[in-house]
Amino acid sequence: MPWTSEDAEKHTHKADTEELKELWVKVANECLERTGDEGRAVREANAVVARNAEK
């Protein structure tokens, strides 16, 4: 089941805008589809959001 923007809030506090939540969902779902590893998908999505939140 793909992740939603509500899941982004549960996994990282840095996804505090709708834009960052949508980015988290996109990265997490793409990584999950590519690798099949939920933990890796969450870590990658968190990293991307953290980098974008700093900007």
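Read-outs: derived from the displayed coordinates by stated rules, not from any lab. All figures in this text were calculated on a predicted structure; none of them were measured in a lab. Here Cβ is always computed from backbone atoms with ideal geometry, including for glycine, and neighbour counts include all displayed protein chains.
Taking each residue of region 17-31 that is farther than 10 Å from Trp3 by Cβ and looking for partners that are assigned to a helix (DSSP H, G or I) and β-branched (Val, Ile, Thr) with beta-carbon atoms closer than 7 Å, six or more apart or interchain, yields Leu20/Val49; Leu23/Val48; Leu23/Val49. Scanning region 1-19 for residues that are in a helix (DSSP H, G or I) and either more than 10 Å from Asn46 (Cα to Cα) or of a type in the set (Val, Ile, Thr) (or both) returns Ser5, Glu6, Asp7, Glu9, Lys10, Glu18, Glu19.
Criterion first (in contact (Cβ under 8 Å) with a residue 40 or more places away in the chain, surrounded by 14 or more Cβ atoms within 10 Å (Cβ to Cβ) and in a helix (DSSP H, G or I)) does Val49 satisfy it? For Val49, the condition - in contact (Cβ under 8 Å) with a residue 40 or more places away in the chain, surrounded by 14 or more Cβ atoms within 10 Å (Cβ to Cβ) and in a helix (DSSP H, G or I) - is met. Count of region 8-40 residues, restricted to those that are acidic (Asp, Glu), loosely packed, with under 13 Cβ neighbours inside 10 Å and either under 8 Å from the mean Cα position of the chain (by Cα) or under 14 Å from Asn52 (Cα atoms) (or both), is 2.
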